[in-house]
Amino acid sequence: MRTGALVCVSCALVSGCAVGPNYVRPEVPLTEAFRDAPEGATAASIADLPWWELFHDDALRALIEEALEGSGDLRAATERVAAARARAHAARDALLPSLTIQALAQRQRIPFVPTFSGLPTLTTNEFTASINVSWELDVWGAIRRAAEAASADYLAVVEQKRGVILILVADVAQAYVELLELDALYDLNEETLRSRRELLALYTAQMTEGTGTMVQTANAESLVYQVEALLPQLRAQLAQKENQITTLLGRPPGPIPRGPPLDLAELPEVPPGLPATLLARRPDVMTLEQNLRSAMAQIGVADAALLPPINLTGLAGLLTPEISTFFHGSQGEWLYGASTSWLAPVLGGDSLLDNRDAAIATANAAAASYRQAVVQALADVADALAGIQSAREVAERLSLQVDALKTQTRLTMDQYRVGTASYVEVNLAVTNLLSAQIALVQARAQRSISVIQLYRALGGGWANPLRPESSQEIEDSRPRP
């Protein structure tokens, strides 16, 4: 490895080009289509939609807009982008000469003999002003590679900000769906409580008339209390879910406005697109790619450290004994000069080679992390697609089951009233119906959540019309060696 480093150095000496490897995206294992993707999948993807077109609930749109305006995490990410941009510009500016202005005023007393002799001493004044210029010639490309690394670091932070936006949009949307799910469960339990109170009234009347028993009345009464005990728990869960949403919005706890109920939610089509698009869409994957680009540029910086830097320095100024004559120089002297330094490392060569080995290992680790992130992204999309398919089928079957149980419950009640069914059959029918209705609410919620998870897994939803950060703005801010 160290012999290879010396070969690279020798080539740089001959050619004068920037040392170190140029970035090439690593090969990653990509399939032609996502697993469990609909047949005939094309490049069109649900992730191409901005979030305000994906979600058709005006209340949810308003919540997401508020979150993008008020989130402290997003503001912090924006400031990190600004800091990274400044560092990238500073790295690029290192290619330019540095100019400094120096002013010096000095007064000296020089005795001819020891002062106790009483003889006079010499007093001198000296005023100097000079302009100093220094410039490190980037012969080996060290500064260009450092600027390339800083540029990649900046773009990595930009992708991290997009990741914050993506997570924020998905979290708000999922919490909102879960809030609608709790609303539906609360309404369902209130409806169940009304029906069980009606049964309790019926059983109580029959017991009074002598056609019923205390056992069935007590059983009906316990079922009423069972549902009444659930309602406070659901109210607490509703308040906690609202608090979770307001935290995402960046404001104190309070009520959350709702749109249409969960069973009326309009779900979009979910084409996943093609796996290759993940490389340019997922913020986490793109962040790791920029980290790899930066790490590879740092190899060039380490290579350049093995070579002697070349510095040009120069100065021009005026030296005068009187400040009154400073600007016309009749009693002063002009100062000027230039120098070139070529500093070759003599000792510490092993540590420089060690630094290069460390840079190579860091780049290899970054490449491994990038490949693993791509594999994980493919798995995330496959999981979301499987979840969507499962939730859709479950919701369809449960909807049919609920319809059948409603019919069974109605017929069982009719039979009970004419004495051909027992109260046990009535209670069982009502309980089965409630269980199926709860499962249907949960399946519908999971169906919506699976769509949100697919949108997130595909890397959609980061675009923000309130805070536009266009690709052109990013490109204009990119440091150019």
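The values are calculated or read from the model by the stated rules, or taken from the named source; none is laboratory data. Fair warning: this is a prediction, and the values are worked out from it, not measured in the lab. Cβ placement follows ideal geometry from the backbone for every residue including glycine, while neighbour counts extend to all protein chains displayed.
Structural remarks
- Selection within region 417-452: residues that are in a helix (DSSP H, G or I) and of a type in the set (Ser, Thr, Tyr). The member of this set that is surrounded by the fewest Cβ atoms within 10 Å (Cβ to Cβ) is Ser435.
Yes/no matrix, rows are residues, columns are (1) among the polar types (S, T, N, Q); (2) outside any helix (DSSP H, G or I); (3) at pLDDT below 90:
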| position | (1), (2), (3) |
| --- | --- |
| Leu122 | no, yes, yes |
| Ile131 | no, yes, yes |
| Ser134 | yes, yes, yes |
| Ala147 | no, no, no |
| Tyr176 | no, no, no |
| Leu180 | no, no, no |
| Thr208 | yes, no, yes |
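- Criterion violated by Leu49 - all others in (1) of a type outside the set (Lys, Arg); (2) within 30 Å of Leu248 (Cβ to Cβ); (3) at pLDDT below 60 satisfied: (3)
- A Cβ distance below 9 Å, combined with a sequence gap of six or more or placement on separate chains, defines the contacts here; from region 203-227, residues that are farther than 23 Å from Ser435 by Cα reach residues that are polar (S, T, N, Q) and assigned to a helix (DSSP H, G or I) in the pairs Thr204/Thr217; Gln206/Gln216; Gln206/Thr217; Met207/Gln216; Met207/Thr217; Gly212/Thr204; Gly212/Gln206; Thr213/Gln206.
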